[in-house]
1. Could you please tell me which pairs satisfy a Cβ distance under 6 Å, a separation of 6+ or placement on different chains, a first residue in the range 22-40 that is surrounded by 10 or more Cβ atoms within 10 Å (Cβ to Cβ), and a second residue that is assigned to a helix (DSSP H, G or I) and of a type outside the set (S, T, N, Q)?
2. So, residue 10, is that one within 38 Å of the chain's Cα centre (by Cα), among the acidic types (Asp, Glu) and assigned to a helix (DSSP H, G or I) or not?
3. Inside the range 54-72, can you point out the residues that are loosely packed, with under 10 Cβ neighbours inside 10 Å and aliphatic (A, V, I, L, M)?
4. So, residue 72, is that one small (Gly, Ala, Ser) and at pLDDT below 95 or not?
5. Hey, can you tell me all the residues within the range 1-21 that are aliphatic (A, V, I, L, M) and surrounded by 10 or more Cβ atoms within 10 Å (Cβ to Cβ)?
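The values are calculated or read from the model by the stated rules, or taken from the named source; none is laboratory data. On a predicted model such as this, the values are computed, not experimentally measured, just so you know. All Cβ positions, glycine included, derive from the backbone under ideal geometry; neighbour counts span all protein chains shown.
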Amino acid sequence: MPTNDERIVELLTELRDGQKEQLALYVEVTQRSLAAQQTSITLQRRIGRLYRIVVSVAALLVAGMLAYLFLS
């Protein structure tokens, strides 16, 4: 039968091991979250560029149509 001191050491060891596992899971989840955020930022930048291009082309087309209508 284990003594009280041995049981306390065993419990503390179990607690430490549990905390190590929890920390490892936290680090893994945090890394995945950061990777997802980076992907999201990259996608938002691409969409922003595409939006600016589409708006610029549309503005040029409208300006061209207006010039054609008023100058013809």
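1. Pairs that qualify, where the first residue is surrounded by 10 or more Cβ atoms within 10 Å (Cβ to Cβ) and the partner is assigned to a helix (DSSP H, G or I) and of a type outside the set (S, T, N, Q): there are none.
2. Numbers: within 38 Å of the chain's Cα centre (by Cα): no; among the acidic types (Asp, Glu): yes; assigned to a helix (DSSP H, G or I): yes.
Against the criterion (within 38 Å of the chain's Cα centre (by Cα), among the acidic types (Asp, Glu) and assigned to a helix (DSSP H, G or I)), residue 10 does not qualify.
3. To start, the set of residues in the range 54-72 that are loosely packed, with under 10 Cβ neighbours inside 10 Å comprises 68-72.
Matches in the range 54-72: 69, 71.
4. Values: small (Gly, Ala, Ser): yes; at pLDDT below 95: yes.
When the stated conditions are applied, residue 72 passes them.
5. Restricting attention to the range 1-21, the residues satisfying the condition of being aliphatic (A, V, I, L, M) are 1, 8-9, 11-12, 15.
Once the filter is applied, which keeps residues that are aliphatic (A, V, I, L, M) and surrounded by 10 or more Cβ atoms within 10 Å (Cβ to Cβ), the range 1-21 yields 8, 9, 11, 12, 15.
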